[in-house]
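Q: First the structure, then my questions, so here it is.
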Amino acid sequence: MSKNAALSYLPRKSVVHRMTGTTKLAFFLLWSTAAMLTYDTRLLAAMTVGGLVLFGVSRIKLQEVKGALLFMLALVMLNLIAIFLFSPDQGTAIYGTRHVILPLFWRYNVTQETLFYLLNFFLKYSAVIPVALLFILATDPSEFAASLAGIGVSYKVGYAVALALRYIPDVQRDFHNISQAQQARGVDLSAKDKTMTRLKNSAAILLPLVLSSLSRIETISNAMELRGFGKHKKRTWYVKRPFQARDWAAMALAAAVLAVSLGITLTTGSRYFNPFVS
């Protein structure tokens, strides 16, 4: 399997990786909230560029997350198509004007307003996805657990999330090994066979994968129980780091973006930037 088949921590020597887990979590939450609150094209476009710049600063290559990006892009496009199918005049309802570009059939007409609304909808995702990927790829699972504890989440919940993130590469590796072993025994999983046959043969992989996962879960549970996990209400974190100037700067940037998003909405009285009225 390709190395970008699943999302997991990618260590790099970058300023993004050197930030604390709490900073990255707070930045992601503030940034996402700002993007979700507004449909202002100018702000969303600026946030998209900012997210791509941060992605470049992290030194994580797009090729390493190509599979995840294509999957997210496919979901976004399906969402846009569904919006047009169920509400082709959504843009007209929002912006109050109607400029038909391409008449199709029945009530389906491509208008400038609907295309502009769909563009803003796409920008909302494009502004958040790079930052969301950065949070996942540039945060060590243990550091992520410490960041959750830093904002008041129970350390048991944080530890469970950290274990789940650590478990993704293990499942990926087990799936690859079992798949190779089954193919060596003559089980065909290639695209040459029929779809139903491939689905049936996939059961030969899923059952051993589930059993190996259950065995690993039992081992981890026993190890945690023997070490007295959950006995105390609080715990310390080995990977927890003190805040530095870059952490405060990052959170100030995210807070400023959120303030701009709220300010535009409160000042104009609308979440939508409307270029169709003078």
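Q: Which one of THR97, THR219, THR33 has the biggest mean-square fluctuation once the chain is modelled by GNM with Cα springs under 10 Å?
A: Largest GNM mean-square fluctuation: THR219.
Q: Which percent of the accessible heavy-atom area of the chain goes to carbon and sulfur, probe 1.4 angstrom?
A: Taking all protein chains in place, the chain shows 67 percent carbon and sulfur surface.
Q: Shifting gears a bit: Using a Gaussian network model on the chain with a 10 Å cutoff between Cα atoms, which of LEU262, LEU44, LEU165 fluctuates the most?
A: Judging by the Gaussian network model, the answer is LEU262.
Q: Given a Förster radius of 51 Å and the C-beta distance between ARG12 and ALA82 as r, what FRET efficiency does 1/(1 + (r/R0)^6) yield to the nearest 0.05?
A: Details: r = 37 Å, r/R0 = 0.72.
Approximately 0.90, to the nearest 0.05.
Q: How far is it, in nm, from the label point at ALA45 to the one at ALA249 when both lie 7 Å from their Cα along the line to the Cβ?
A: 2.7
Q: Separate question: In deg cm²/dmol, rounded to 500, what helix-only [θ] at 222 nm does the chain give when every DSSP H run of at least 4 residues adds -39500 (n - 2.57) and the total is split over its residues?
A: Mean residue ellipticity, 222 nm, calculated: -23000 deg cm²/dmol.
Q: Another question, then. By how many nm would the segment from ALA164 to THR33 lengthen if fully extended, with 0.36 nm per residue of separation less the alpha-carbon distance?
A: 44.7 nm
Q: Working from the pairwise distances between different alpha carbons, so that the mean of 1/r is found and then inverted, what is segment 1-124's Kirkwood radius in Å?
A: Across segment 1-124, the inverse of the average 1/r is 17.1 Å.
Q: Tell me, in nm to one decimal, what length is gained between ARG185 and TRP106 on full extension, where the rule is 0.36 nm per residue of separation less the Cα-Cα distance?
A: Here the answer is 22.9 nm.
Q: Okay, next question. Note down the relative contact order for the chain as a percent, whole number, built from C-alpha pairs under 8 angstrom at least six residues apart.
A: Reported as a whole number, the value is 33 percent.
Q: Mind pulling up the Rg/Rh value for segment 213-278? Radius of gyration and Kirkwood radius, both on Cα. Kindly include the intermediate steps, with their values, before the conclusion.
A: Values: Rg = 23.9 Å, Rh = 17.5 Å.
Radius of gyration relative to Kirkwood radius: 1.37.
Q: Counting only heavy atoms of the protein chains, get the accessible area per residue of the chain (1.4 Å probe) and round it to a whole Å² value.
A: Normalised by residue count, the accessible surface of the chain is 59 Å².
Q: Mind putting together the pair-distance distribution for the chain? All Cα pairs, 5 Å bins, whole percent per bin, short to long.
A: Going from the shortest bin to the longest, the percentages are 1, 5, 9, 12, 12, 13, 12, 11, 10, 8, 5, 2, 1, 0, 0.
Q: Mind giving me the FRET efficiency for HIS176 and LYS234? R0 is 41 Å, r the Cβ-Cβ distance, nearest 0.05 is fine.
A: 0.55
Q: Work out the FRET efficiency for LYS156 and SER215 from their Cβ-Cβ distance, taking R0 = 35 Å, and round it to the nearest 0.05.
A: That pair, LYS156 with SER215, gives E of 0.95.
Q: Pick from GLY263, GLY158, GLY50: which residue has the top mean-square fluctuation in a GNM of the chain where Cα pairs under 10 Å get a spring?
A: GLY263
Q: Which of the DSSP-defined H helices in the chain satisfy a minimum axial length of 20 Å, computed from C-alpha atoms, and a minimum mean Kyte-Doolittle hydropathy of 0.0?
A: On the way: long enough: 21-37 (24 Å, 1.18); 41-57 (24 Å, 1.71); 66-86 (30 Å, 2.36); 112-137 (37 Å, 1.49); 155-184 (43 Å, -0.21); 195-226 (46 Å, 0.59); 245-268 (34 Å, 1.34).
What comes out of the filter, once short or polar helices are dropped, is 21-37, 41-57, 66-86, 112-137, 195-226, 245-268.
Q: Rounded if a/c is under 1.5, else prolate if a/b beats b/c, else oblate: with a ≥ b ≥ c from the C-alpha gyration tensor eigenvalues square-rooted, which is segment 81-129?
A: Since a/c reaches 1.5 and a/b is larger than b/c, the shape of segment 81-129 is classed as prolate.
The values are calculated or read from the model by the stated rules, or taken from the named source; none is laboratory data. Treat the numbers as computed from the prediction; the structure is a model and nothing was measured. Every residue, glycine among them, receives a Cβ derived from its backbone with ideal geometry; neighbour counts consider all protein chains shown. Only protein heavy atoms, including side chains, enter the accessible area calculation; ligands, DNA and RNA are left aside. Shrake-Rupley method; radii C 1.70, N 1.55, O 1.52, S 1.80 Å.
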